[in-house]
């Protein structure tokens, strides 16, 4: 055969089957484009040089491998729909005289053409839209834009190689199918029905049990650390349970509908239910894939959107004042009136260098430690720790006089009475006691307190104990040391103040304070360390981290939605060609186009919205564990996250209905046409 025969033949086949190939190639182009954009951004020196660029490039660095991995999964999966439609064509080639080696050459050129178009146009659009994406990212993290154009050739090479490997896997799968299947089987494969899976009740019950376990894990998780360790286990269980439930559920649903004579023996239902019975397993796996994709999109959009738009509140919780100071001292007794006076003088002098003075200043003394709390008993040196750090708390004891000074209240307590406030979790014990120390009665659990920023940053909960007498509170535990001989009780002073300076000047003031504090540290025997933090100086890292997550969330959501749309489209097209002969027969015996439309709507509405419903159920049960994970990023506003989740679901639902409308029209055109395929 001539050298150009195979490429021309492959190109001609692609052109004739453009209804199948164009969506597949467009999706491939989109994934290549997004891979280039994310990978090039993560490697961009300009992005790395932005304020918060370190956090940003770290987040973006995860995006490239994730996109490449899911590209393999989704292109491999959706190619099976395309291959099923082409099997009939390959079988005819074989019957007409082509051997399997000739067909393999056609498949090779088919794959090469598809890959070449995908990689060339994907990289072309990637380089074109890279600057748009970069400007969008810079705007998200509130950075300074840069209008220089460049191409990252290293990323081009990675994309060419990475997607070449993916298309090689797709080609090998197709070649294996041709090798092990005879032409007659290929010819009949498109119309071959499926036997109902055996023991489908067992599979269905197993799916329900697995989903129940996943839901139980998600609903009962108590703290962020546990959520981190259990989240991916719950995700895998949900994926497995969803596939099992949908595969068996489609079987059971069809059987139930068949047994309902009033429903089944109607023109609008008879054909649709009979058609579904021929593809129960594949129908279930396709719906399960759509459900999982929809759930992933909803989780990403809801969580990253909540983080980004709740970012300013998180920054203020992490840095309660524009300037935040924390002293660590040898002993709480070192923080006397003279020490406070000298500290105020030092801070006022530093602020005066910038023609300003501290406002909204607050401070409190504190003894910080950590330990395990069970049934109200605090053990500062537990023999062993649970892998999830369950019941482990950061513990801060604050004098009652400082609490009253901060809040403007006038609480009074007996020596053995305390007030408590917790972050990250709820502490509801009515009594407290230190192992080896004194016991206390909890008079009140506080709703809020001006905590130090490190408590907002910590992934483990912090218990603030407001005590009337520090000496009595530490009696019996003041000499406790850890395994390295370090004291478990650390005395400190937490200070915070605002000023009327611009953010640039605030950073200058912060640098001056940090520098001047070194001399203060060297001249004092009681001060162990001094740590200054500036909200203006540190917020860029928040913008980089939260903005990067939001940007990645948008990119991955677009890609997962495109994958879901492609699966839905191929599902409708392939099922349309399978059902065409059945509807042709029904039209010959008198079925009208109006009745065909009703039958199609019956079939699609019976199964099409199941993934959306189940994704909503998954999202409801996932809400508690996701909310705990968001606490790691200091997002504690449950109402805001809840509203964002509901809005995300409603918007996605509208988009899903739009896709249903378009794909159902494609299905209708195929099955209602009398043209010979």
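Laboratory data are not the source of any read-out in this text; all were calculated from the coordinates shown. Please read all numbers here as calculations on a predicted model, not as lab measurements. Please note: Cβ atoms are built from the backbone with ideal geometry, for glycine as well, and neighbour counts cover all protein chains shown.
I need 24, 46, 147 ordered by Cβ neighbour count within 10 Å, fewest first.
Least crowded to most crowded, the residues run 147, 46, 24.
Taking the beta-carbon count within 10 Å as an exposure proxy, list 499, 620 from fewest neighbours to most. Walk me through the numbers on the way to the answer.
On the way: 499 19, 620 14.
Neighbour counts put them in this order, fewest first: 620, 499.
What distance in nm separates the simple spin-label points at residue 360 and residue 414, each placed 7 Å from Cα in the Cβ direction?
Taking the two extended label points, one gets 3.9 nm.
Please report the base-10 log of the normalised intensity I(q)/I(0) for the stretch 1-186, using a Debye sum with one equal scatterer per alpha carbon and no solvent, at each q in 0.10, 0.17, 0.20 (1/Å).
Summing over Cα pairs of the stretch 1-186 leads to -0.49, -1.02, -1.29.
Within 10 Å of each residue's Cβ, count the other Cβ atoms and sort 355, 223, 500, 469 from fewest upward.
Working: 355 9, 223 20, 500 12, 469 15.
Least crowded to most crowded, the residues run 355, 500, 469, 223.
Order the peptides 554-566, 108-120, 406-418 from the highest to the lowest mean number of other Cβ atoms within 10 Å of their residues.
Top to bottom by mean Cβ count within 10 Å: 554-566, 108-120, 406-418.
Which order, highest average first, do 343-350, 530-537 follow once you tally other Cβ atoms within 10 Å for each residue and take the mean per peptide?
530-537, 343-350
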